[in-house]
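Everything below concerns the one structure shown next.
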Amino acid sequence: MVIGAGAAGLRAAIEIAATGLHVIVAIKGRRGKCGATLTAGAEVDIDSASATSLLRLSGDLRDDASLFANDMLSVGEWINNVNLVDVHVAEAPQRAKELTDWGAKTFGLIHSPGHRYPRGVVFSGIGIVRALLKKTREFSDIEFAEEILVTDLIIDQGVIRGAVGLNFATGEVVNFWAKAVVIATGGCQSLYKFSDAPSELTGDGYGMAFRAGATFVDMEFIQFLICTMLYEPFTITPVQQLLYKGAWLLNSKNERFMKLYDTLNLEKSTRDVIARAIMSEVIQGRGTHNGCVYLSIEHLTESEINAIADVYRKGTFATSYAYDLAFFDRLKHEPIEVFPAAHYFCGGIEISNKCMTSVVGLFAAGEATGGTHGANRLAGNALSEALVQGRVAGSSAARFALDVSFEDLPRDTVSRLERKIDLIDSHRTTDQSPVQIRKLLNELSWRHLGVLRHKGGLQELLSFIDRATMQIQNLELRNRSHSYNQEWIEALQLPNLVLTAKIVSTTALFREESRGTHFRTDFPNKDERWHGCIRVLPTSREEMNLDFKPALTHSVVTSP
Ligand SMILES: Cc1cc2nc3c(=O)[nH]c(=O)nc-3n(C[C@H](O)[C@H](O)[C@H](O)COP(=O)(O)OP(=O)(O)OC[C@H]3O[C@@H](n4cnc5c(N)ncnc54)[C@H](O)[C@@H]3O)c2cc1C
């Protein structure tokens, strides 16, 4: 069984089906219409020499897999899992090549900040998903279960047996019997009030893996990307690519403030530096009334502006937003407010280089995992990760499944998990609405678990999380409809949002330094005593133990 149908889930399903096994892909949305993959720009990183030799793009032959790995470690602050990095750089070129063999179109090669050579093969998110879906149609043994919110994994004596969930189209509680499960559920960007990712990313994979006993790593590292809000109600879209094309960031005094934060690279700095610069300007009173700064292209020449407009017309910037060209037309006439929105979870479920988790029979791939990126991720490296790990997880899960036989489902466990889902027929008497709790959680996470963090704020959030954990034991649904009941869906997602918030804030409070995307205003410097990873080990009753594991790698060559 594969849970999720973004790049990681689809690639895993293809690999499993290629061994002749039957695979069920359970998805919260509909195939080809869900997941962050679809919304991506979409830059897929491979080393520049392979981009030249395999894809005939004009890359740089001086690059190779080890230089690519070195840049990943450098941006990840040398705390990445080196085994995962090795698999990543070795397999990424083949994964990009097969995408083109399966029909995905490329739009060129770009050079993003943090990379010493151009490595971003530009596809479109839609193109990637379509190519993978087309490939799945070659296998009659891939079965899609759509509009299923998987809530929990079925574990029997420490071994995976399948999963339970809600078919939210019909209101049926369903269970799946599986010899091996791959979690490919993406991140938990919906923890935050502002995010550029699809709203269905509520950390369900983290929640179910944690309850099943899986360990986590690097959860305090979350990437925020410079975005703008297009139309009400919220449509938040990234504008980072415009900075690479020469756009400026200005504060409310019309000052080009990036010169204070990265004198060398200015607006072409890495995402974490830009996010922190914007928040610092806002906090020091140099932001707009809405807590933003301005993006401006007024200084560009007409031909430079026309060149950017051309890229928009070709549809390779955040392709899912049809409004983008209209946005650019507006930007031509006036500066537009921008701010950092939650974009990517660098940490996640801890895996081996075979994508095995600490639970027998449970595998994970893509953004749901942690370790590859360490404290920060290079631009364009999430899609490569999803494709590489999707294949590896699929292969490992298939090999595992071929070696075990089906056992009966543990009936008591399944009934207990099914009763947790059935909130409609359990008549409770509290007035706790899942929607209200979620709104408060989103607001407090935005304020205290965002770009800038400090002890007092994290403690306030953790107190709220403790109260919310109690309240969600007794949620009452006002809406008792069985079909597409949004309140019911919210009630089932909320425990995962709360649990993810607890893991992230506990690790963020524990790490008393600033490193990568994690910035503590009360500990603003990097401290070598923290040169390593925080692992989260679940104990019973959703409590957690933290374990600090020193990293073995240190910089041996100069950073790009
Ligand atoms: C706007 C935007 C632009 C980006 N641009 C780039 C880029 O150019 N290059 C790059 O490398 N990265 C980019 N990223 C990041 C990258 O897109 C993601 O990290 C990557 O696509 C994650 O793939 P995935 O398969 O792990 O998860 P996703 O693509 O997010 O898929 C998750 C899947 O899990 C399903 N799911 C979730 N919960 C459940 C549940 N409970 N039950 C059943 N199904 C569930 C979802 O429906 C979905 O199908 C971008 C991200 C965003 C938001």
Exercise. At a probe size of 1.4 Å, how large is the accessible area of W102, to the nearest 10 Å²?
Worked result: 40
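Any idea what the dipole of the stretch 177-250 comes to, in debye rounded to 20, about its Cα centre with Lys/Arg Cβ at +1 and Asp/Glu Cβ at -1? Walk me through the numbers before you get to the answer.
On the way: 4 positive and 6 negative charges, 27 e Å.
The dipole magnitude comes to about 140 debye.
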For this session: For the chain, restrict the atom set to alpha-carbon positions and state the Rg and Dmax in Å.
Result: 22.5, 69
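Using R₀ = 30 Å, calculate the FRET efficiency as 1/(1 + (r/R₀)^6) where r is the Cβ-Cβ separation of K105 and Y244; round to 0.05. Don't skip to the answer; put the middle values down first.
Values: r = 21 Å, r/R0 = 0.70.
The formula returns an efficiency of 0.90 here.
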Problem set entry | Antiparallel bridge percentage (DSSP; both residues within the chain; nearest 5) | 75
Problem set entry | Dmax and Rg, reported as Rg then Dmax, of the stretch 504-556 (C-alpha, Å) | 12.5, 43
For this session: Return the whole-Å distance between the Cα centroid of the stretch 221-298 and the Cα centroid of the stretch 23-44.
Result: 28
Seminar exercise, completed: Any lysines whose Cα falls less than 18 Å from that of K439, other than same-chain ones fewer than 8 residues away, would be K193, K502
For this session: Calculate, for R62 and R480, the FRET efficiency according to 1/(1 + (r/R0)^6) with r their C-beta to C-beta distance and R0 60 Å; round to the nearest 0.05.
Result: 0.40
Problem set entry | Simple label model, 7 Å out from Cα along Cβ direction - T539 to R30, nm | 4.7
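If D522, D466 are ordered by their accessible area, calculated over protein heavy atoms with a 1.4 Å probe, which sequence runs from highest to lowest?
Working: D522 60, D466 85 Å².
Largest to smallest exposure gives the sequence D466, D522.
Around G186, under 11 Å between beta carbons, what's the net of Lys plus Arg minus Asp minus Glu among the other residues?
Details: positive: K28; negative: E200, D204, E367.
With Lys, Arg at +1 and Asp, Glu at -1, the net is -2.
At 1.4 Å probe size, put L166, L462 in order of accessible surface, largest to smallest. Before the final figure, lay out each step's value.
Details: L166 0, L462 35 Å².
The residues order as L462, L166, largest area first.
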For this session: On each of the three principal axes of the Cα atoms of the stretch 394-538, give max minus min coordinate, whole Å, ordered largest first.
Result: 51, 49, 23
Exercise. Magnitude of the Cβ-charge dipole of the chain, K/R +1 and D/E -1, about the Cα centre, nearest 20 debye?
Worked result: 280
Problem set entry | Compactness relative to 2.2 N^0.38 Å, alpha carbon Rg of the stretch 211-298 | 1.28
Problem set entry | Helical contribution to [θ] at 222 nm, DSSP H n ≥ 4, -39,500 (n - 2.57), averaged over the chain, rounded to 500 | -12000 deg cm²/dmol
Problem set entry | Q94-N290 FRET efficiency (beta carbon distance; Förster radius 51 Å; 0.05 resolution) | 0.70
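Carbon and sulfur atoms: what percent of the 1.4 Å accessible area of the stretch 460-560 do they account for? Write out the running numbers ahead of the final one.
Details: 2630 of 5000 Å².
Roughly 53 percent of what the probe reaches on the stretch 460-560 is carbon or sulfur.
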Seminar exercise, completed: Using alpha-carbon positions, the gyration tensor of the stretch 380-454 gives root eigenvalues a ≥ b ≥ c; with a/c under 1.5 called rounded, otherwise prolate if a/b exceeds b/c, else oblate, the class is oblate
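What ratio of Cα Rg to 2.2 N^0.38 Å holds for the stretch 149-194?
Working: Rg = 13.2 Å, N = 46, 2.2 N^0.38 = 9.4 Å.
Ratio of Cα Rg to 2.2 N^0.38 Å: 1.40.
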Exercise. When the C-alpha atoms of the stretch 195-353 are aligned to their principal axes, what extent does each axis show, in angstrom, from largest down?
Worked result: 57, 36, 33
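The values are calculated or read from the model by the stated rules, or taken from the named source; none is laboratory data. Being a predicted model, the structure only gives us computed values, none of them experimental. Every residue, glycine as well, gets a Cβ built from its backbone with ideal geometry; the counts of neighbours run over all protein chains shown. Keep in mind that these areas ignore ligands, DNA and RNA; they rest on the heavy atoms of the full protein, side chains included. Shrake-Rupley method; radii C 1.70, N 1.55, O 1.52, S 1.80 Å.
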